[in-house]
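Enquirer: Handing you this structure, nothing more for now.
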Amino acid sequence: MHFLCTSHALAEGQSRAFSVDGLELFGVRRHGQVYLYRNRCPHRGIALNWAEDAFLDDSASLIHCAHHGALFVVESGECVAGPCEGEQLQAQGCHEDSQGIWLTA
């Protein structure tokens, strides 16, 4: 397991970028649950964000690809609008405990 951050460092309705051994990831907290994905749009294989830690749309209810406008469901990573509709983000194993948020291999 790799420690990512303390729990309070990823607030409700927020997203945050992480890098672990060259693997670029991001996490989103929604309804108290943390979802972790590889930072790679299935459409072109590039990072989803332009600004650091900016992975959500204006409503903070969907993950947003800043390059192509694709929208993804936070809970599943499924693309519901945009050029990669029907594809999915690559989910990563995640565990949260009293110490914080962890990437599980």
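The values are calculated or read from the model by the stated rules, or taken from the named source; none is laboratory data. From a predicted model like this one, the values you see are computed outputs, not experimental measurements. Don't worry about glycine lacking a Cβ; one is built from the backbone with ideal geometry, like all the others, and counts go over all protein chains shown. Accessible surface is based on the protein model in full, side chains and every heavy atom, while ligands, DNA and RNA are left aside. Shrake-Rupley method; radii C 1.70, N 1.55, O 1.52, S 1.80 Å.
Enquirer: When 1/r is averaged over all different Cα pairs and the result inverted, which Kirkwood radius in Å belongs to segment 16-77?
Expert: Its Kirkwood hydrodynamic radius stands at 11.7 Å.
Enquirer: For residue 67, project a label point 7 Å along Cα to C-beta. Then give me every residue of segment 34-59 with its amide nitrogen under 13 Å of that point.
Expert: Within reach of a label on residue 67: 39-51.
Enquirer: Which distance in Å, rounded to a whole number, links the C-alpha centroids of segment 60-104 and segment 1-43?
Expert: 9 Å
Enquirer: Leaving out ligands, DNA and RNA, and with a 1.4 Å probe, what % of the accessible surface on the chain is carbon or sulfur?
Expert: On the chain, the fraction of accessible area on carbon and sulfur atoms equals 46 percent.
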